[in-house]
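Colleague: This is the structure I have questions about; it appears just below.
The values are calculated or read from the model by the stated rules, or taken from the named source; none is laboratory data. Small disclaimer: the values here were computed from a predicted structure and weren't measured. Cβ: placed from backbone, ideal geometry, glycine included. Neighbour counts: every protein chain shown. Side chains included, ligands, DNA and RNA excluded: accessible areas come from the protein's heavy atoms. Shrake-Rupley method; radii C 1.70, N 1.55, O 1.52, S 1.80 Å.
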Amino acid sequence: MSILVTRPHPDNEATAENLRARGHAVLLAPVLKFEPVAFHDESEAGYSAIIVTSANAIRAVAPQLRDLGLSELPLFAVGEHTASVAREFGFAEVIVAGGDAASLRDKVMQSARDKVLKKKSTLLYLAGADLSRDLGGELGTEGFSVVTQTTYRMAPVKLLPRDVCDGFAAHGIEAVLHYSRRSARAFLDAARDEGVEISALAIPQCCLSEMVASVLRDAGASQVLVAATPDENALFDALERALRTRLA
């Protein structure tokens with residue numbers, strides 16, 4: 001029996017490695033594909049800091065970081081995974097939030113209260129093409145000037161890998177891990193197109209947040225578990241709860 005990971009490449013490889021270390025067999029079905037968007041910063045503003053809600057935003061502009069002087073700025077990362085990627089690409093000052101956009105917003109606001117940032121600071125938001133919330137607008141109402149630059153998009157993958165379809169047909173997949181609303185929707189669309197939607201929704205769906213879980217519930221999944229906090233270790237804990245329940 002295998003755990004299906006729907007997370008995009010390359011982060012799915014690290015997830016698979018962690019799951020195998022816990023004794024699980026793993027199948028990979030990256031249902032979104034990373035596509036960088038050309039970055040042209042035409043703003044005349046002097047940035048005080050950078051905010052990012054995904055490691056992909058950093059990967060997309062990595063070749064330009066040094067030339068643009070961006071890696072010299074403080075960077076507010078949505079969570080530890082994004083922070084680790086930022087450090088890999090040369091950011092020395094990385095402030096880590098609690099794993100979602102709301103905690104990132106609060107971390108930036110707290111930095112202003114602590115006078116680490118000036119209240120009227122101009123922030124560069126390196127973002128994806130599809131945003132789940134208006135983080136720039138929320139910080140704007142708090143007095144910040146936020147310049148949002150789209151640096152990447154995640155394109156849906158239309159087909160599931162053949163070994164995954166075979167796994168659903170043979171009832172060889174015991175749970176699915178979901179990391180975002182968009183990837184959950186893409187997974188459902190691909191499963192429907194492949195004719196395995198009923199089998200796919202009949203097993204536990206382990207989700208990084210309640211927002212992700214709502215997509216699966218609306219689609220008819222009855223075994224939906226949500227991580228206690230929006231990080232992978234908590235998601236793995238939800239997976240273990242799901243597997244214990246199935247064995248009980």
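Colleague: Given the options A38, A14, A77, name the one that is under 16 Å from the mean Cα position of the chain (by Cα), of a type in the set (G, A, S) and either modelled with pLDDT under 95 or within 18 Å of P161 (Cβ to Cβ) (or both).
Modeller: A14
Colleague: Could you list, in sequence order, all residues of the range 160-198 that are small (G, A, S) and open to solvent by 70 Å² or more (accessible area, probe 1.4 Å)?
Modeller: If the condition is that a residue be small (G, A, S) and open to solvent by 70 Å² or more (accessible area, probe 1.4 Å), then A169, A170 are the ones that fit.
Colleague: Can you give me the number of residues within the range 221-232 that are at pLDDT 95 or above and open to solvent by 40 Å² or more (accessible area, probe 1.4 Å)?
Modeller: 2
Colleague: Let me confirm something: among S180, S214, which residue is at pLDDT 95 or above, small (G, A, S), under 30 Å from L123 (Cβ atoms) and touching a helix residue (DSSP H, G or I) at 6+ places or on another chain (Cβ under 9 Å)? Reasoning before the result, please.
Modeller: Values: S180 fails: at pLDDT 95 or above.
Just one listed residue meets the conditions, S214.
Colleague: Sticking with this one: Which residues, counting only those in the range 66-83, are open to solvent by 30 Å² or more (accessible area, probe 1.4 Å) and either within 17 Å of Y47 (Cβ to Cβ) or in contact with a helix residue (DSSP H, G or I) (Cβ under 8 Å, 6 or more places away or on another chain) (or both)?
Modeller: Passing the criteria: R66, D67, L68, E72, L73, H81.
Per-residue answers, yes or no, for (1) at pLDDT below 95; (2) among the acidic types (D, E):
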position	(1), (2)
K120	yes, no
R133	yes, no
E142	yes, yes
Q149	yes, no
K158	yes, no
P161	no, no
F168	no, no
A186	no, no
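Colleague: What residue, among those in the range 94-119 that are touching a strand residue (DSSP E or B) at 6+ places or on another chain (Cβ under 9 Å) and small (G, A, S), is surrounded by the fewest Cβ atoms within 10 Å (Cβ to Cβ)?
Modeller: S111
Colleague: Within the range 209-248, restricting attention to residues that are touching a Ser or Thr at 6+ places or on another chain (Cβ under 8 Å) and part of a helix (DSSP H, G or I), which residue is farthest from S180 (Cα to Cα)?
Modeller: Top of the filtered list is E232.
Colleague: Is the range 120-129 home to any residue that is under 24 Å from E80 (Cα atoms), open to solvent by 40 Å² or more (accessible area, probe 1.4 Å), hydrophobic (A, V, I, L, M, F, W, C) and under 18 Å from the mean Cα position of the chain (by Cα)?
Modeller: Yes, the range 120-129 has at least one match.
Colleague: Can you find, within the range 1-11, the residue that is most open to solvent (accessible area, probe 1.4 Å) among those that are closer than 20 Å to I203 by Cα and within 16 Å of the chain's Cα centre (by Cα)?
Modeller: R7
Colleague: Just to be sure I understand, how many residues within the range 45-68 are under 18 Å from K118 (Cβ atoms) and of a type in the set (D, E, K, R)? Before you say what the answer is, go through the steps one by one.
Modeller: Within the range 45-68, the subset under 18 Å from K118 (Cβ atoms) is 45-51.
Right, trim to of a type in the set (D, E, K, R) and you get none.
Of the residues in the range 45-68, 0 are under 18 Å from K118 (Cβ atoms) and of a type in the set (D, E, K, R).
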